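Q: Before I ask anything, here is the structure I am working with.
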Amino acid sequence: MKQVGCTPYARETQEMKDIYDGPILEIDVLSISFFTRLREIPAVMDFSVKVMPGEAVGLVGESGCGKSTVALGVMQDLGKNGRITGGTIKFKGRDLGQMSVEELRKIRGSEIAMIYQEPMASLNPAMKIGKQLMEVPMIHQGASEKEAYDRALQVVTDVKLPDPKRILDAYPHQLSGGQQQRIVIAMALMSEPALLILDEPTTALDVTVEASIVDLVKDLGRKYGTSMLFISHNLGLVLETCDRLCVMYSGEAVERGSIADVFDEMQHPYTQALFRSIPLPGADKNSRPLVAIPGNFPLPHERPPGCNFGPRCDYFEAGRCDQGTIRMRPVKGNDRHETRCLRFEEIDWNAPLAAAITKDKGMIGDVVLKMEDLKKYYEVSANALFGKSGETKVVKANETLSFEARESETLAIVGESGCGKSTFAKVLMGLETATAGQILLDNRNIESTPIERRDTKTIADVQMVFQNPFDTLNPSMTVGRQIIRALEIFGIGKTEADRRERMLQLLDLVKLPRAFADRMPRQLSGGQKQRVGIARAFAGDARIVVADEPVSALDVSVQAAVTDLLMEIQREKKTTLLFISHDLSIVRYLSDRVMVMYLGHVVELGTTDQVFSPPYHPYTEALLSAVPIADTRVKKKHIVLEGDIPSAMNPPPGCPFQTRCRWKSQVPGKLCETEVPPVRRMADGHQIKCHLSDAKFAEMEPVIEIAAE
Amino acid sequence: MEPLSWADILGRIFVQFTPVWIALVVVFAASIWFKRNLGLYGKLFDSTIGMIGFALVMFWVFTGIFGAMDMVVTHDALNQISVMKNKAPGTPVMGAGEDVYPYYLLGGDNLARDVFSRMVKGAWVVVQIAPLATLFAFMVGITLGLPAGFYGGRLDTLLSFLANLILAFPVILLFYLLVTPEIIATGIPNYMATCLFVFPLIFVAILLNSRYHTQPALRTPLLIGVLGVLGWLYLSLISEVGSKVQVIPGFLDLFDVPGGILVVFVSVVFVNSPTVFRIVRGLTMDIKTRDYVAAAQTRGEGPWYIMLWEILPNARGPLIVDFCLRIGYTTILLGTLGFFGLGLPPESPDWGTTINDGRRLLSIYLHPAIVPALSLLSLVLGLNLLADGLREESLKD
Ligand SMILES: Nc1ncnc2c1ncn2[C@@H]1O[C@H](COP(=O)(O)OP(=O)(O)OP(=O)(O)O)[C@@H](O)[C@H]1O
Ligand code: SF4
Ligand code: SF4
Ligand SMILES: [Mg+2]
């Protein structure tokens, strides 16, 4: 590939940039506060980090811990009410706080670039991609139009977009989310910045797309020698992208060091707790459950005295941990490894986890729910207003879905956006009726009974837990009222007092204090809201609960607690849980059987062990490789899927996965492109929808391997 | 007696308003004291703009209320003292008895009535009618906007088309039609009122039924009680002895609303509800995608429960702001109607009518028109500032 930096203007800036060789970014005891009408909110306190040339530093922490504030502080873009109250941010040795507005603008455009979570936030919807890209060198380096165009073409090629010329001529909305994010990265790279700040750049994307973007960012970082500040809540992602990492908790850096040091020799109780609460390979819901971090994240103005993590820390020592300010201290023997814990030298970091009570696995009972060749097609008309006349297209949201779910069983449904998970849930709930096939609930057909015609018992039996905790509760009704309403609808309790009593019991069930009954949803944290959502779903003693990504929007430390709660209720009530998720780590941890979907098709179905070990469906294999795992011992096979998920409006002919499949060439003839593959029974209860021969399946190697300790 | 100087006039007006000042101070002190417990209303007191707006609005509200209790006024609003015809502000009332206030503080109009007292009495008319009429417009807009946004499809297309049709209709023409004697004789305004005023009834009925249908023992008596009272009010409102719509015998008819006011209500609803409809429709389309709506659907709630109890309460923010703005429009509309000699009776002290009366001699005697004009201006300004303040504060946290 052509080396960039050969054009005259670029060489000049290159020389200018090369003079300096100290740390690119040096943040020293930075404090940032936001001033609201009620009080000052200290968002970041005593925060230091150093980014050396060519280094990628990860910033991890739960939501609200101040990660993005640090990034905005570096950009000197804290808005009206934010202010740096102490410390300095030095970029290449120069204090950003002392610079004039003019200098800052120059630096922001050409030397520091930022990439946000939502790609459309950085793109102008009314301007062609090419023009937006060309603006950067034309404004900042005074490049000519021709130079700018060549450069734009170069970076678009660099970010591995197909058909760069056509892309330059497109508007942002004509591209998919993943492609948009690539353009944003291309735009950031146009001026060859010395520092790239990425604020959760892949959170809005699907796992397989995320994996390819992460790959791209790593490659480019290496190629251009750009330093990176990578902000994420996902430890696995940081492991894959960064050299060093800084863990933040409640506005402070609590541990800082190289990836290997922090992952394998952590020296802060919060880091340890964080690792214990995420489902790494080896965790098991019955024998080795996740350990949730007790309590909640303190609000910025309600931080405890002394150590911020104190109230949730297992090693808390009264009289020491709750006094004065605690400083970062270096860990001896490691390279620039520091921790903000008074007791780190006393704690036995290798002590095994206190043996958790091994819980009995619930007995899997009879089949309660059975789907047979369920199909759901939508007719979409090309023209919404005059629907009758225009041509109609058929979207096949669900194609011949068959499976059974038993009592006390957890069936995970895995797949990326548009694969038909939500459609399936809607049909099951009765919000839509099936196009063909049947759904048998206790041997009764319910596929064509819309919810208005279902009897109360059926409705109460099949309930749902929703994804977004901030959306799942009506913001204008108290928590108790919302649960009582469900009880009223399900006809439970004779009097208001009965129902209130039952509601309080439900709060007990989800381990919320009874006082929460009279609170408004906005007074609850995300995890607490999700618990109320669970209580509401179980109001009518639901037997089948569809959980649509119930924990994906929650913080890592809360996820474990909510997951555990679901498992516990399941054990107690023998519920059938249909767990919709794209997060394979959590699926492996809690499900008994897994169903993998792609573009409306079930491509693989089997027990968790069968799905997570070879032979795989080629899509499952890629999905497994794409999921970041926060464990340095794990060796993953590197499979990057090309391209995006095709639109369900225009599915490819033949196998739905053929546009991205790396095994396609192994199938003789043009079978993959012409014929929908048959469902193949691999082993008892294991089925795969693929044309590959048995010999090829036998060749497959495991994607994830754990190196021996 | 000498005419008063301007300083004296202002001083005396200030004294006349004493009860209003006291009320304002009490309200503000209490509100600021408890502002942290008062939700959005409390937050209003963090915004200077909002506080100014609120003060202006409350000033007129209290003026209206105390005026109706004959407290602020100096003279009877209809009483004519012939020598005072078109007299300048501050003119002493000649030959008045002991118990009569000795000055026309803001002068006399061309029928020799006290401009100041008419302004105060006019405030009561405005403060009473404008919010009530706007409320009706909201009920109509909400009852139609919710299903349009919730169901979408054909229903939405149809209702939106109707709304646009009405918005495109020349309003002034409509007003003239409504008050043309021939049209009144056909009873069309009464029939329109009959239709429009039934909306609040439907609204309340659906509201209560969707909420309590699971408990028939509570629902049935509640509905009978509430609808009974509302129905009676409704019938009294629309039925007028001697008009085309006389559904209940006179002795059951609680009150007779003058035909003019009915026309005012009909026009206000007609002009405002399409816009309210569009706002509610938009908000509904947004809110119906939330998970709590899906949760309500999956537990088998009916569509009206979802619309009225899950969606509407969460749309209240923008609606409250719009309500304030819309009271302002309605006040102007009242003025416009009065200006055309429509709506309220000619001797009514409301500001629009008064401005219209004063207009004829405007080049010679400014004060009879300028006083109500400034009052109208300040009230509408206050409402707009209040709406701005509310909007601004509801966005902050
Ligand atoms: N009402 C509808 N009309 C037309 N097409 C629809 C409708 N609902 C869903 N689809 C299409 O069906 C396909 C499957 O959608 P679905 O919402 O089930 O995906 P999903 O796996 O839940 O995605 P995500 O994870 O993003 O929620 C999509 O391509 C979607 O565009
Ligand atoms: S200082 Fe004390 S409370 Fe804080 S993390 Fe260390 S041991 Fe825990
Ligand atoms: S059928 Fe062909 S394209 Fe589809 S997954 Fe199998 S090998 Fe790949
Ligand atoms: Mg979905």
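Q: Could you grab me the full set of residues in the stretch A:461-489 that are among the small types (G, A, S) and out of contact with any Asp or Glu (no Cβ under 7 Å at 6 or more places or on another chain)?
A: A:S476, A:A486
Q: Can you pull out every residue in the stretch A:297-314 that is in contact (Cβ under 8 Å) with a residue 60 or more places away in the chain and surrounded by fewer than 17 Cβ atoms within 10 Å (Cβ to Cβ)?
A: Residue satisfying the conditions is A:H301 alone.
Q: Filtering the stretch A:433-452 down to residues that are acidic (D, E) and more than 9 Å from chain B (Cβ to nearest Cβ), which residue is surrounded by the most Cβ atoms within 10 Å (Cβ to Cβ)?
A: Per the criteria, the residue is A:E447.
Q: Any residue at all in the stretch A:618-631 that's touching a residue at least 12 places away in the same chain (Cβ under 8 Å), away from ligand 3 (no atom under 11 Å from the Cβ) and among the acidic types (D, E)? Before the answer, list the steps.
A: Looking only at the stretch A:618-631, we keep the residues that are touching a residue at least 12 places away in the same chain (Cβ under 8 Å), and these are A:618-631.
Applying the additional criterion that residues be away from ligand 3 (no atom under 11 Å from the Cβ) yields A:623-631.
Subset that is among the acidic types (D, E): A:631.
Scanning the stretch A:618-631, I find at least one residue that is touching a residue at least 12 places away in the same chain (Cβ under 8 Å), away from ligand 3 (no atom under 11 Å from the Cβ) and among the acidic types (D, E), so the answer is yes.
Q: Would you mind listing the helices (runs of 4 or more DSSP H) fully within the stretch A:129-212 where at least 1 residues are in contact with a strand residue (DSSP E or B) (Cβ under 7 Å, 6 or more places away or on another chain) and crowded, with 18+ Cβ neighbours inside 10 Å? Give the steps one after another, and end with the answer.
A: Working: elements: A:129-140, A:145-158, A:164-168, A:177-190.
Qualifying helices (runs of 4 or more DSSP H): A:177-190.
Q: Suppose the filter is free of Cβ contacts under 8 Å to residues at least 40 places away in the same chain, of a type outside the set (D, E) and closer than 30 Å to B:I320 by Cβ; does B:G53 pass it? Lay out the reasoning, then the answer.
A: Working: free of Cβ contacts under 8 Å to residues at least 40 places away in the same chain: no; of a type outside the set (D, E): yes; closer than 30 Å to B:I320 by Cβ: yes.
No; evaluated as a whole, the condition is false for this residue.
Q: Taking the stretch A:616-638 as the region of interest, how many residues are touching a His at 6+ places or on another chain (Cβ under 9 Å) and either within 14 Å of chain B (Cβ to nearest Cβ) or more than 16 Å from ligand 1 (Cβ to nearest atom) (or both)?
A: Residues that pass the stated criteria total 1.
Q: May I ask you to list pairs of residues, at least six apart or on different chains, whose Cβ atoms are under 9 Å apart, with the first in the stretch A:576-592 being under 17 Å from A:A405 (Cα atoms) and within 14 Å of another protein chain (Cβ to nearest Cβ) and the second being away from ligand 1 (no atom under 16 Å from the Cβ) and aliphatic (A, V, I, L, M)?
A: A:L578/A:L369; A:L578/A:A405; A:L578/A:I544; A:L578/A:V545
Q: What is the residue count in the stretch B:275-298 for residues that are within 9 Å of chain A (Cβ to nearest Cβ) and either crowded, with 23+ Cβ neighbours inside 10 Å or part of a helix (DSSP H, G or I) (or both)?
A: Here the count works out to 8.
Q: Which pairs have Cβ atoms under 8 Å, sit 6 or more apart or on different chains, and link a residue in the stretch A:407-418 that is touching a residue at least 60 places away in the same chain (Cβ under 8 Å) and under 14 Å from A:Y598 (Cα atoms) to one that is among the polar types (S, T, N, Q) and near ligand 1 (Cβ under 7 Å from one of its atoms)?
A: Close Cβ pairs satisfying both conditions: A:G418/A:S647.
Q: Continuing with this model, one more query. Where in the stretch A:453-547 are there helices (runs of 4 or more DSSP H), lying fully within it, with 2 or more residues that are at the interface with chain B (Cβ under 8 Å from one of its Cβ atoms)?
A: Result: A:456-461, A:479-489, A:526-537.
Q: Follow-up question, since we're still on this one. Select from the stretch B:42-88 the residues that are out of contact with any Ser or Thr (no Cβ under 6 Å at 6 or more places or on another chain) and polar (S, T, N, Q) and list them in ascending order.
A: If the condition is that a residue be out of contact with any Ser or Thr (no Cβ under 6 Å at 6 or more places or on another chain) and polar (S, T, N, Q), then B:S47, B:T48, B:T63, B:N79, B:Q80, B:S82, B:N86 are the ones that fit.
Q: Quick check on A:V479: is it crowded, with 24+ Cβ neighbours inside 10 Å, under 22 Å from A:V510 (Cα atoms) and away from ligand 4 (no atom under 16 Å from the Cβ)?
A: Numbers: crowded, with 24+ Cβ neighbours inside 10 Å: yes; under 22 Å from A:V510 (Cα atoms): yes; away from ligand 4 (no atom under 16 Å from the Cβ): yes.
Answer is yes for this residue.
Q: Touching an Asp or Glu at 6+ places or on another chain (Cβ under 6 Å), more than 14 Å from every other protein chain (Cβ to nearest Cβ) and assigned to a helix (DSSP H, G or I), is that true of B:P372?
A: No; evaluated as a whole, the condition is false for this residue.
Q: With the structure loaded, tell me whether A:A535 is over 26 Å from A:E62 (Cα atoms) and at pLDDT 85 or above or whether it fails that test.
A: For A:A535, the condition - over 26 Å from A:E62 (Cα atoms) and at pLDDT 85 or above - is not met.
Q: Which one of A:E317, A:E255 is buried (at least 20 other Cβ atoms within 10 Å of the Cβ), within 12 Å of ligand 2 (Cβ to nearest atom) and more than 21 Å from the chain's Cα centre (by Cα)? So that I can check it myself, show each step before the final result.
A: On the way: A:E317 fails: buried (at least 20 other Cβ atoms within 10 Å of the Cβ).
Testing whether each residue is buried (at least 20 other Cβ atoms within 10 Å of the Cβ), within 12 Å of ligand 2 (Cβ to nearest atom) and more than 21 Å from the chain's Cα centre (by Cα) leaves just A:E255.
Q: Please work out which residue is farthest from ligand 3 (Cβ to nearest atom), limiting yourself to the stretch A:312-355 and to residues that are of a type in the set (S, T, N, Q) and assigned to a loop (DSSP other than H, G, I, E, B).
A: Among those that are of a type in the set (S, T, N, Q) and assigned to a loop (DSSP other than H, G, I, E, B), it is A:Q323.
Q: Same structure, new question: Does the stretch B:303-325 contain at least one residue that is among the small types (G, A, S) and more than 18 Å from B:W60 (Cβ to Cβ)?
A: yes
Residue by residue, here is whether (1) of a type in the set (S, T, Y); (2) more than 16 Å from ligand 3 (Cβ to nearest atom); (3) touching a Ser or Thr at 6+ places or on another chain (Cβ under 9 Å) holds:
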position	(1), (2), (3)
A:S408	yes, yes, yes
A:V414	no, no, yes
A:S422	yes, yes, no
A:V427	no, yes, yes
A:T433	yes, yes, yes
A:A436	no, yes, yes
A:N445	no, yes, no
A:T449	yes, yes, yes
A:R453	no, yes, no
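Q: Which one of A:D508, A:D461 is crowded, with 20+ Cβ neighbours inside 10 Å, away from ligand 1 (no atom under 16 Å from the Cβ) and within 24 Å of A:V562 (Cβ to Cβ)? Give the derivation first.
A: On the way: A:D508 fails: crowded, with 20+ Cβ neighbours inside 10 Å.
Being crowded, with 20+ Cβ neighbours inside 10 Å, away from ligand 1 (no atom under 16 Å from the Cβ) and within 24 Å of A:V562 (Cβ to Cβ) holds for just one of A:D508, A:D461, which is A:D461.
Q: Restricting to the stretch A:606-619, name every residue that is surrounded by fewer than 24 Cβ atoms within 10 Å (Cβ to Cβ) and in a helix (DSSP H, G or I).
A: A:T608, A:D609, A:Q610, A:F612
Q: How many of the residues in the stretch B:127-162 are assigned to a helix (DSSP H, G or I) and more than 27 Å from B:L237 (Cβ to Cβ)? Don't jump to the end; show me each part of the working.
A: Of the stretch B:127-162, the ones assigned to a helix (DSSP H, G or I) are B:127-151, B:153-162.
So of that shortlist, the ones also more than 27 Å from B:L237 (Cβ to Cβ) come out as B:149-151, B:153-158, B:160-161.
Number of matching residues: 11.
Q: Follow-up question, since we're still on this one. Restricting the search to the stretch B:289-316, which residues are aliphatic (A, V, I, L, M) and in contact with an Asp or Glu (Cβ under 8 Å, 6 or more places away or on another chain)?
A: Across the stretch B:289-316, the qualifying residues are B:V293, B:A296.
Q: If I ask for residues that are outside any loop (DSSP other than H, G, I, E, B), closer than 15 Å to B:V15 by Cβ and in contact with a Pro (Cβ under 8 Å, 6 or more places away or on another chain), which ones from the stretch B:60-115 would you list?
A: Result: B:F66, B:Y103.
Q: Which residues, counting only those in the stretch B:33-66, are exposed (fewer than 15 other Cβ atoms within 10 Å of the Cβ), within 14 Å of another protein chain (Cβ to nearest Cβ) and modelled with pLDDT of 85 or more?
A: Answer for the stretch B:33-66, where residues must be exposed (fewer than 15 other Cβ atoms within 10 Å of the Cβ), within 14 Å of another protein chain (Cβ to nearest Cβ) and modelled with pLDDT of 85 or more: just B:T48.
Q: Does any residue of the stretch A:490-509 turn out to be under 31 Å from the mean Cα position of the chain (by Cα) and in contact (Cβ under 8 Å) with a residue 40 or more places away in the chain?
A: The answer is yes; a qualifying residue exists.
Each row is one residue, and each column tells you yes or no for (1) within 25 Å of B:L227 (Cα to Cα); (2) more than 19 Å from the chain's Cα centre (by Cα); (3) surrounded by 20 or more Cβ atoms within 10 Å (Cβ to Cβ); (4) acidic (D, E).
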position	(1), (2), (3), (4)
B:A123	no, no, yes, no
B:V126	no, no, yes, no
B:F138	yes, no, yes, no
B:G145	yes, yes, yes, no
B:R154	no, yes, no, no
B:T186	no, yes, no, no
B:N190	yes, yes, yes, no
B:F199	yes, no, yes, no
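The values are calculated or read from the model by the stated rules, or taken from the named source; none is laboratory data. Note that the structure is a prediction, hence the values are computed from the model and not measured. Because the Cβ atoms are built from the backbone with ideal geometry, glycine has one as well, and the counts that use them run over all protein chains shown.
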